[in-house]
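First comes the structure, then the notes that go with it.
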Amino acid sequence: MRWTTFYYDLSKNKVFDFKVHSDKESALKCFNTNCNYYFESDAPFKADKLPAAYGHPTHAVYGISARAFKKMFNCSIDEALKIAESEE
């Protein structure tokens, strides 16, 4: 099963730092790194397992399965990767 990590800004309706991981362990490590990067002024955070989300109601870091990502955005992770690559 593939996993995704990303930062979602609801006010801009935009996903940043979108990454696809082949295993849950690497996704969890990336998720925890992103949480502390985006919310460094908040208390340090470390999730123990995925799926997880951390942040505020209008912007947060997510670590979810590919299936959950498709349900959340109505877009497959392959389509999302193409969009992310075209915006770089």
Would you work out the charge dipole size for the stretch 29-82 about its Cα centre, treating the Cβ of every Lys and Arg as +1 and the Cβ of every Asp and Glu as -1, and quote it to the nearest 20 debye? 240
Cα-based Lys proximity count in the chain, under 13 Å, for pairs eight or more positions apart or on separate chains: 5
Under Karplus coefficients 6.51, -1.76 and 1.60, residue-wise ³J(HN,Hα) of the stretch 60-74 in Hz, glycine/proline x: 7, 9, 10, x, 9, 6, 4, 5, 5, 4, 4, 5, 6, 10, 6
Ranked order, V15, V61 - accessible area, probe 1.4 Å, largest first: V15, V61
Specify the residue with the greatest mean-square fluctuation among Y37, Y62, Y54, computed from a Gaussian network of the chain linking alpha-carbon atoms under 10 Å apart. Y37
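The values are calculated or read from the model by the stated rules, or taken from the named source; none is laboratory data. Computed from a predicted structure; not experimentally measured. Cβ sites come from the backbone with ideal geometry, for glycine too, and all protein chains shown count toward neighbours. Protein only, heavy atoms only, side chains kept; ligands, DNA and RNA dropped before computing areas. Shrake-Rupley method; radii C 1.70, N 1.55, O 1.52, S 1.80 Å.
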